Each structure stands twice: as structure tokens, then as C-alpha cells.
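The values are calculated or read from the model by the stated rules, or taken from the named source; none is laboratory data. None of these values were measured; they are calculated from a predicted model. Cβ coordinates were reconstructed from backbone atoms using ideal geometry, including for glycine residues, and neighbour counts include every protein chain displayed. Side chains included, ligands, DNA and RNA excluded: accessible areas come from the protein's heavy atoms. Shrake-Rupley method; radii C 1.70, N 1.55, O 1.52, S 1.80 Å.
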Amino acid sequence: MARIKTIGVLTSGGDAPGMNAAIRAVTRAAIYNGWAVKGILKGYEGLIHNEVKDFTTESVSGTINRGGTILRTARSKEFMTEEGRAKAYETIKANAIDALIVIGGNGSLAGAQLFAQEYDIPVVGLPGTIDNDLYGTDTTIGYDTALNTIMDCVDKIRDTANSHNRIFFVEVMGRDAGFLAQNAAIATGAEAAIIPEDRTDVDQLATFIGRGVRKSKNSSIVLVSESKKDGTGGAQYYADRLLKEYPEYEARVTILGHLQRGGSPTAQDRILSSRLGVAAIEALKDGQRNIMIGVKDDKIVYVPINKAIHIDKPIDKELINVLNVLSI
Ligand code: F6P
């Protein structure tokens, strides 16, 4: 592999709090090692259309505490085409970029892998998504902040829920993963979580009702994953079913939506992003490529991108049990 002199960095897909801390870490660690840094704007769109900026240590000053991504981001349809990736490679050559760091979720890392295979460019991925759905890492950039944001919102909903005899269905993000719903339910003392991973023949709504709603509690809050597998799912779906199947209950729906992706990153996300960013540069220095940097048991790990995007990350059954035990 040719010696690296310049790296490119981009954020892609949904933004996540902590992405700026990761950009900062990648930039400063690269410069620390004598490399130049090119910040690529708007994800793969900027790579296709040559929207590239020279990054210095000052470019990332005052960003560690900021949500969103200073590089901006996009979900690029064009990069999914061969022509799009060919244009992107022109930008790589025009800017003498020797290696690419991609901060994003599943789809973004899948794009990175394809690009690396087609054009033989070293790529390192950083898991940037609030969904926490990437295999091989215990946590992803933005997940902890989103979890805390959801917790704050549900604490507020609890105040009104306590005052009424209603079941509140609170829908949270996660695409097809239930990490946010399950762990937010534990953190807020919710009565149940409805998550895609726990789909069995037993209906999760029926199980919840069957356990005896309001047996010993003043309020009923159910965290519902947004996942709509098989055309069913989401908070409104369960609220509608409740009204039909259990008309003795009153339901209310709150969809938290994109507010879950905003805000200043938590300490945990800032530290995670900083560690992952530095490790990405170390990995490139060691000649590694086509890997995602992750954290397992608080240690940095290197996961083949192929595994990170293709293996399902399971939810620990222990978490499901904890909620069941504590929500009696
Ligand atoms: O992957 C992050 C995520 O926030 C998911 O939780 C959600 O399903 C999706 O992105 C929303 O995407 P968009 O911002 O494009 O509507």
C-alpha cells in the first residue's frame, strides 16, 4: 500500500450527536501524524461533486460540544450507482486522497465497502448512528445522547401520564433495531417496550395488557420502536389496536421523531467519538483497511466492515428480562 499523506473524512446518512467530536479526533490525529486532511461535505454527494475543503486543527475548534455534523451529511442515491462511484473516485484522485474515513451507519458503511473494493482505496468506518445497530461494537456514536434525550422526554410525559388514566405509547427511532426503545424503557421505568427483536408468536401488546395494566402503578408508558416490519408496528398502530381490542383503555401517542437526533453530545459520546477517531488513524498507520472501529468491553476493536453491516446485532435477553422484572 502506498504511503498515506492525505486522508479524506466524511459523514453520511442520518447525523448523530458526537459526529463532530469524531471529525475533530480524526482531523487532529491525522495532523498529529503529519498527514493532511480533506473534509468532504454532504457525505458521498460531496465526494461525487468534489465539494472538498482543506481541514486544519482550527477547522474543528469549538466543535466537540456541538450536535449535528459540521461536514453536513446526505443519503446519496447517486453513490449507489456505478457512475456515481466513478465520479467519486475522480474527486479522490483530484484531491490526492490516499485513504477515506467514513462516519455513518449501516448504509453508509455498505457504500464505503463497495467503493473500497471497486477502487482499491483504504477505507476505515466509524459507527455513527443513534440506532446502535452495527454488529461488533457495544455502542455507536450518538446512541447514548439519543437515549438521554428520550429519557428526558419520557420523564416529562410521565408527569402528565401520572395524572390521567391512560396508556401512553411513545415511539422512538431505531429503524429496525430496538436498542433505543428497550434501554429507554429501562431508564425511564416504563411499563413495557415493544421492539422488533422480541417479535414472537406471542403478541407484545397482548402480553402487556395480559400482565395487568395499572395493577400497581399510576401510569402506563410503553416505549415503541418505530420499526414497521411486515407493515405493522409503530406507536399509532398499537394505539389503534388498543382502542379496538381493549376499548376499556384510553390511549395517547407521542412520536419523538427527529428531536432524538439533536443536541449536544453526552460525555460518553464525546469520549467514544474521540477514541474511535484516534484509533481510525492508528489503524491506517498500521496498514489496516476495510474495517470499522468499534468498542467492546471498553476496548477498541477492529471489525471487518463486511461483518459490521451484514451480521444482525442481537439485543441481550437480559435487558428484556430486567424490564419485565422491574415493571411489575
Ligand atoms: O438511522 C438513523 C435514523 O434516525 C433512524 O433511526 C431513522 O429511521 C432514520 O434515520 C430517519 O431518517 P431520515 O432522517 O432520513 O428521515
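Below are the figures for this structure:
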{"quantity": "Per residue value of the accessible surface for the chain (all protein chains in place, 1.4 Å probe), Å²", "calculated": "43 Å²"}
{"quantity": "Evaluated at q = 0.19, 0.29 Å⁻¹: base-10 log I(q)/I(0), Debye formula over Cα of region 244-293", "calculated": "-0.79, -1.04"}
{"quantity": "Backbone N within region 239-261 under 18 Å of label point (7 Å from K228 Cα along the Cβ vector)", "calculated": "239-242, 253-259"}
{"quantity": "Percent of alpha-carbon pairs separated by more than 33 Å within the chain", "calculated": "31 percent"}
{"quantity": "Share, in percent, of DSSP beta bridges within the chain that are antiparallel, nearest 5", "calculated": "25 percent"}
{"quantity": "Within the accessible area of region 160-310 (1.4 Å probe), percent carbon and sulfur", "calculated": "49 percent"}
{"quantity": "Extension gain from I311 to V325, taking 0.36 nm per residue of separation minus the Cα-Cα distance", "calculated": "2.1 nm"}
{"quantity": "At R0 = 45 Å, FRET efficiency that the Cβ-Cβ distance of T200 and E118 yields, to 0.05", "calculated": "0.65"}
{"quantity": "Vicinal HN-Hα couplings computed from phi for region 101-110 (Karplus, 6.51 cos²θ - 1.76 cosθ + 1.60; Hz; Gly/Pro x)", "calculated": "10, 10, 9, x, x, 3, x, 5, 6, 5"}
{"quantity": "Mean residue ellipticity (222 nm) of the chain, computed from DSSP H runs ≥ 4 via -39,500 (n - 2.57), nearest 500", "calculated": "-12500 deg cm²/dmol"}
{"quantity": "Set of lysines near K53 by C-alpha distance (under 27 Å), chain-local residues within fewer than 8 positions excluded", "calculated": "K5, K38, K42, K77, K87, K93, K285"}
{"quantity": "Virtual spin-label span in nm between I271 and E78, 7 Å along Cα→Cβ", "calculated": "4.1 nm"}
{"quantity": "Carbon and sulfur %, accessible surface of region 66-142 computed with the full protein complex present, 1.4 Å", "calculated": "48 percent"}
{"quantity": "Cross-link reach list, lysines versus K156, counting only Cα pairs under 23 Å and skipping chain neighbours closer than eight places", "calculated": "K215, K217"}
